[in-house]
Amino acid sequence: MDVQAWVKQVIRQEEIDKYLVKGKDFIDEKKIRTNLEQQAHPDPQRVRDILQKSLSIKLLTPEETAVLLNVTDPALLEEMREAALEVKKRVYDNRIVFFAPLYCSNLCVNRCVYCGFRSDNPEEKRHILSPEEIYRETEAIIDEGHKRLIAVYGEHPKSDADYIADSISTIYAVKRTTPSGNGFNNIRRVNINAAPMAVEDLRKLWRAGIGTFQVFQETYHPGRYAELHPANTIKGNFRWRLYAMHRAMDAGIDDVAIGALFGLYDWKFEVMGLVEHAHDLERQFGIGPHTISFPRMQPAPGSFLSENSPYLVDDDAFKRLVMVLRLAVPYTGLIVTA
Ligand code: SF4
């Protein structure tokens with residue numbers, strides 16, 4: 001099948017429509033804006049009540065999240081920071097988990113404005129790892145001491161679900177003898193960052209033993225999303241991406257990871273979008289996201305926007321957004337991408 005024919009058969013409308021509620025998405029731009037505006041001047045006692053709810057490890061409502069997002073008083077922010085740290089200790093203690101990225105392919109049929117991998121970027125050199133190369137890369141990652149990795153793929157027929165499932169099997173097959181000669185080291189968990197897929201393809205990944213399935217919405221703002229992802233590409237379909245995790249759950253993958261690419265749009269709106277996403281997964285499947293990621297946009301060769309977006313997030317705002325997410329979705333792992 002040629003690339004254009006492949007692109008045309010990826011999106012299955014019925015695998016979008018079944019998750020809509022009365023024909024509507026769980027992202028309601030007007031509702032998010034209203035929440036942020038109505039909670040613009042938070043009452044300190046309300047903030048403290050919300051912190052108590054977080055400390056009992058309960059998912060906050062979007063309204064409560066909007067209250068925390070609007071706190072600017074330094075003393076209250078410090079109380080929030082302490083509560084966030086306490087939530088982290090209660091759920092995870094001092095545990096921190098590392099995983100290494102393994103980029104398997106940078107071929108991509110999409111043209112996201114901010115990304116160096118986009119198909120119309122002539123500066124990008126393209127490569128897809130062969131099974132032998134994946135094997136050798138995995139050996140190197142194991143020798144660095146890693147037990148978990150995340151394999152990353154562009155969206156392309158050459159890196160389709162079958163290729164991803166085969167690469168998962170290759171990675172699990174690699175064993176390195178320990179320095180003492182007793183036993184072996186290997187990768188215990190292969191997480192996947194790939195494009196949204198149909199349920200049928202997601203089942204292939206489930207059968208191959210996928211760890212966490214990770215898809216970032218990039219931005220939850222439909223208008224901004226449309227500006228950055230050309231309409232005639234697969235990724236231009238906002239809803240196909242928005243329900244990627246719903247389909248993963250239906251395919252049996254109940255370990256899903258959501259995220260937004262901070263820097264594309266207003267960071268408060270994105271936090272609200274992530275919290276709405278967690279609520280909808282809980283509502284429809286009884287289980288929220290396993291992790292939330294908050295990559296920050298960095299300069300990419302050939303991408304003007306990556307250095308000039310009006311929404312780039314400074315360190316202060318970044319710390320606030322991580323803190324609010326820790327409090328809003330207390331049971332979820334938070335992933336810092338370096
Ligand atoms: S789909 Fe992913 S890899 Fe492809 S251009 Fe967009 S951001 Fe880059």
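For the chain, the calculated P(r) over all alpha carbon pairs, in 10 Å bins from 0 to the bin holding the longest distance, is 5, 24, 33, 25, 10, 2, 0 percent. At an R0 of 41 angstrom, the distance between the Cβ atoms of E227 and F285 translates into a FRET efficiency of 0.85. Note on N308 and S130: their simple-model spin labels are 4.2 nm apart, each label 7 Å out from Cα toward Cβ.
Amide H to amide H, with H built 1.01 Å from N, N185 comes under 5 Å of R176, T177, T178, counting only residues 5 or more places away or on other chains. Computed from backbone phi with θ = phi - 60° and the Karplus coefficients 6.51, -1.76 and 1.60, the 3J(HN,Hα) list for segment 7-12 is 4, 5, 9, 6, 7, 10 Hz; x is used for glycine and proline.
Measuring against 24 Å, Cα to Cα, the residue pairs K24/K88; K18/K88; K204/K235 contain K24/K88; K18/K88 as the ones spanning a longer distance. Over segment 259-338, the pair-distance histogram of Cα-Cα distances with 10 Å bins from zero comes to 18, 48, 25, 8, 0 percent, rounded to whole numbers. Taking label points 7 Å from Cα along the Cα-to-Cβ direction, E139 and N186 give a separation of 1.7 nm. Computed from backbone phi with θ = phi - 60° and the Karplus coefficients 6.51, -1.76 and 1.60, the 3J(HN,Hα) list for segment 298-310 is 10, x, 10, x, x, 10, 4, 4, 4, 10, 10, 5, x Hz; x is used for glycine and proline. Dipole magnitude for segment 131-233: about 500 debye, using +1 per Lys or Arg Cβ and -1 per Asp or Glu Cβ, origin at the Cα centre. Report the residues of segment 318-338 in range of a label on I57: point 7 Å along Cα→C-beta, backbone N strictly under 16 Å from it. Only 326-334 pass the distance filter.
Rounded to the nearest 0.05, the FRET efficiency derived from the C-beta distance between R176 and V91 at R0 = 35 Å is 0.60. Assuming a viscosity of 1.567 mPa s and a temperature of 4 °C, what translational diffusion coefficient in µm² per second does Stokes-Einstein assign to segment 21-137, Rh being the Kirkwood radius over Cα pairs? Translational diffusion coefficient: 69 µm²/s.
Using the Cβ atoms and a cut-off under 15 Å, what net charge is assigned to the surroundings of T177, where Lys and Arg are +1 and Asp and Glu are -1?
Values: positive: K175, R176; negative: E139, D143.
Cβ neighbours under 15 Å give a net charge of 0.
Neighbours of D250, meaning other residues whose beta-carbon lies under 15 angstrom from its beta-carbon, give a summed charge of -1 when Lys and Arg score +1 and Asp and Glu score -1. The listed peptides 75-81, 273-279, ordered by packing as a protection proxy, come out as 273-279, 75-81 (highest mean of other Cβ atoms within 10 Å first).
Restricting attention to the chain, close to 20% of DSSP beta bridges with both partner residues there are antiparallel.
When every Cα-Cα distance of segment 155-202 is counted in 5 angstrom steps from zero, the calculated P(r) takes the values 5, 18, 23, 18, 13, 9, 7, 5, 3 percent.
Per residue, the convex hull spanned by the alpha carbons of segment 122-241 comes to 130 Å³. For T212, the residues whose amide H sits under 5 Å from its own are N191, I192, ignoring neighbours fewer than 5 places away on the same chain, with H placed 1.01 Å from N. Of the accessible area of segment 234-338, computed with a 1.4 Å probe over protein heavy atoms only, carbon and sulfur atoms account for 51 percent. Using the Cβ-Cβ distance between E78 and L334 with R0 = 22 Å, the FRET efficiency computed as 1/(1 + (r/R0)^6) comes to roughly 0.65.
The values are calculated or read from the model by the stated rules, or taken from the named source; none is laboratory data. Here the structure is a predicted model, which is why all the values come from computation and not from measurement. All Cβ positions, glycine included, derive from the backbone under ideal geometry; neighbour counts span all protein chains shown. Accessible surface is based on the protein model in full, side chains and every heavy atom, while ligands, DNA and RNA are left aside. Shrake-Rupley method; radii C 1.70, N 1.55, O 1.52, S 1.80 Å.
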